[in-house]
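Derivation of every value follows stated rules applied to the coordinates shown; laboratory data play no part. Everything numeric here is computed off the predicted structure, so don't read it as measured data. Note that we place each Cβ from the backbone using ideal geometry, even for glycine, and neighbour counts take in every protein chain shown.
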């Protein structure tokens, strides 16, 4: 029954998210000093745009590029990127010729309400899909093997959900305008890697301590809890005492999560319709705090009692 509900929810959220995508970006009016279209071809001295679409058969407009700075700027664009070219035009014998005076990417603009809706719907879509395959979301994403809320499991789940939600949302917005491709910046990859290292490191340390305790017939082995406790499990050890290492790790994770979510929300206000566009990067201060906090958590985990 749970998987059936998750399947229905996945389809419903997917359809709602698809319907919430913005309409394709409008084209510039013909005869203006700007031409909006897809990059069909480019060379060191010219660029060709197709107003209709990026198919090989689409008619194109050739624009001369005489300025050295603009020639260098062409390297920032790939084929099928959507751009707005500022031009000057001349007509001779009924034939118009164009010279480039400026070039910028087109952007898909979303209102604040639509940005929030798309992020929420795509996050719900991922959770519903996870529930369909895993049979349950809470236990898989937030609860450890000891039946307690796990800081290391929660932080990797939050970052996985946020990163994938941001990627799917931005990619879908670009794809709805006929532009594909989206890069993930360096710091975001690093913080995702730190999250994975913290998760696997914590699990490895706990498993080793448990195995050593069993081998030595130790009295203090970690037993599963009767039921998860929220939010106590995130900031207390198994003796119901405040654990600063756990508190520091979960607090830094939440700060980084909210900070990056706000960056993504602002980024979606105007998504550049270029294949080389990237998701917003993580602030270096947050990355540093994230690394220090998770490093301290693993050190605490390695030297503390098995029940911590």
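Taking 0.36 nm per residue of sequence separation and removing the Cα-Cα distance, the residue 259/residue 76 pair yields an extension gain of 63.0 nm. Inter-label distance, residue 266 to residue 140: 3.4 nm, where each label sits 7 Å from its Cα along the C-beta direction.
Counted by neighbouring Cβ atoms within 10 Å, the residues 103, 140, 262 run from fewest to most as 262, 140, 103. The order of the peptides 34-41, 55-62 by mean Cβ neighbours within 10 Å, most packed first, is 34-41, 55-62. Rounded to 0.05, the FRET efficiency of the residue 190 and residue 247 pair, given R0 = 22 Å and the Cβ-Cβ distance, is 0.40.
Here the peptides 230-242, 118-130 are ranked by packing, the mean other Cβ count within 10 Å, and the order with the highest first is 118-130, 230-242. Spacing of the modelled spin labels on residue 44 and residue 225, each 7 Å from Cα toward Cβ, amounts to 6.7 nm.
Would you calculate the separation in nanometres between label points at residue 283 and residue 53, each defined as 7 Å from the Cα along the Cα-to-beta-carbon direction? It works out to 4.3 nm between the two label points. Classify region 34-105 as rounded, prolate or oblate, taking a ≥ b ≥ c as the square roots of the eigenvalues of its Cα gyration tensor: rounded when a/c is under 1.5, otherwise prolate if a/b is larger than b/c and oblate if not. In terms of gyration-tensor shape, oblate.
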